[in-house]
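The values are calculated or read from the model by the stated rules, or taken from the named source; none is laboratory data. Model, not experiment: these values are computed from the prediction. We place every Cβ from the backbone using ideal geometry, glycine too, and count neighbours over all the protein chains shown. Note: accessible area is taken over every heavy atom of the protein model, side chains too, but ligands, DNA and RNA are not part of it. Shrake-Rupley method; radii C 1.70, N 1.55, O 1.52, S 1.80 Å.
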Amino acid sequence: MSFKPPYWFHENIKLDQEQIQNLITEIDNINLKKFKNNDNNHKSTFFNPDERPEDVLNDLYAGIIEKITKNVGIWNKIKYKYSYWAQLYDKNMSHCPHHHTSMETDEIISWVHFLNVPKQKCFQFTDTMGSVFIPEEQNAGDIICFPAWVWHEVLPNNSDYKRLVISGNIFAKHYDIK
């Protein structure tokens, strides 16, 4: 049996190239000030709550999250909140296998918006047995969604191309069981 995790393509929304370049520049500047980047992990604004250049996209992501919850049929049955953060990968940077669930929070859906990506498909789903699945939907503008408990990782970026994605979670704050 081949490994195919549950995930779906949401839609393709491209950002203006100037917006993308501004985000890359700002994230690089933040990280130059705060981190040495002596490991090969991604640069993430998630770790810099006071400096979030991706906040200029709040209205865009509010609309995207609303559409995701409507498309999966939970819009009128839950109250939700969401979070998102930018991740920038220079050459050789990666992100180890992980998932987005925890005992303290109620993540139900995770998502990735591929903004500036090399030809190499770096994002992949994995399981605890070492199986992997690489989704085709990793072009500039693609948004994929998956249950928050699904394991995933980012392979090392083998190009000089700066890989920029926005990742996020949708949290269920209340379920209407009527």
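If you go through the stretch 67-117 and keep only what is in a strand (DSSP E or B), within 16 Å of the chain's Cα centre (by Cα) and among the hydrophobic types (A, V, I, L, M, F, W, C), you end up with Trp85, Ala86, Leu88, Cys96, Ile108, Ile109, Trp111, Val112, Phe114, Leu115. Scanning the stretch 130-139 for residues that are in contact (Cβ under 8 Å) with a residue 12 or more places away in the chain, open to solvent by 40 Å² or more (accessible area, probe 1.4 Å) and in a loop (DSSP other than H, G, I, E, B) turns up Ser131, Ile134, Glu136, Glu137, Asn139. The set of residues in the stretch 138-153 that are under 24 Å from Ile13 (Cα atoms) and out of contact with any Lys or Arg (no Cβ under 8 Å at 6 or more places or on another chain) comprises Asn139, Asp142, Ile143, Ile144, Cys145, Phe146, Pro147, Ala148, Val150, His152, Glu153.
If you go through the stretch 158-173 and keep only what is touching a strand residue (DSSP E or B) at 6+ places or on another chain (Cβ under 9 Å), among the polar types (S, T, N, Q) and modelled with pLDDT under 95, you end up with nothing.
Among the residues making up the stretch 107-117, those that are open to solvent by less than 20 Å² (accessible area, probe 1.4 Å) and closer than 20 Å to Gln17 by Cα are Val112, His113, Phe114, Leu115, Asn116.
Restrict the check to the stretch 86-106 and report whether at least one residue is surrounded by 15 or more Cβ atoms within 10 Å (Cβ to Cβ), modelled with pLDDT of 95 or more and in contact with a helix residue (DSSP H, G or I) (Cβ under 7 Å, 6 or more places away or on another chain). No, there is no match, as no residue in the stretch 86-106 is surrounded by 15 or more Cβ atoms within 10 Å (Cβ to Cβ), modelled with pLDDT of 95 or more and in contact with a helix residue (DSSP H, G or I) (Cβ under 7 Å, 6 or more places away or on another chain). Applying the condition of being farther than 19 Å from Asp160 by Cβ and assigned to a loop (DSSP other than H, G, I, E, B) to the stretch 118-129 and asking which residue is most open to solvent (accessible area, probe 1.4 Å) yields Met129.
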